[in-house]
1. How high is the FRET efficiency between A102 and T81 when r is their beta carbon distance and R₀ equals 30 Å, given to the nearest 0.05?
2. Can you order the peptides 78-90, 44-56, 60-72 by their average number of other Cβ atoms within 10 Å per residue, highest first?
3. Once amide H atoms are built 1.01 Å from N in the peptide plane, which residues 5 or more positions from R69, or in another chain, come under 5 Å H to H?
Amino acid sequence: MARSRWADEDDDSSVEEEKISTNDAPPTSTGGGKTSSGVTIPPTHTSRVDSKGIKIVTSYRAHPTDPNRLLKTTTKIRVYTDKVRESTDVAKRRKWKKFGQAAVDEDV
């Protein structure tokens with residue numbers, strides 16, 4: 001039997017699934033969907049990026065074996081921006097009028 005590698009194992013650090021009952025679910029007057037059993041699934045919620053650059057996305061889905069329960073999936077995403085330095089000559093050339101094939105491609 002082959003030895004398992006690190007990528008073959010489940011990673012619970014970034015995605016957590018919690019079982020919650022439908023009575024504890026937040027009200028869903030603004031959107032969401034319904035499963036075949038009639039359970040209302042709340043819409044996906046995305047938080048703002050905090051001071052450490054982390055955004056939290058919370059989504060819900062129906063439990064695969066028990067249609068009267070929901071699964072809550074929480075994903076933490078690291079958001080960062082890179083500043084790219086550009087010379088002033090390049091900035092001037094970007095403002096030039098396009099010509100040739102570039103002008104044709106931009107119109108479409």
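1. Result of the calculation: an efficiency of 0.60.
2. Working: 78-90: 7.2, 44-56: 11.2, 60-72: 14.6.
Packing proxy ranking, top to bottom: 60-72, 44-56, 78-90.
3. H63
Values in this text are rule-based calculations from the coordinates and carry no lab data. Quick caveat: nothing in here was measured; it's all calculated off a predicted structure. Note: ideal-geometry Cβ built from the backbone for every residue, glycine included; neighbour counts use all protein chains shown.
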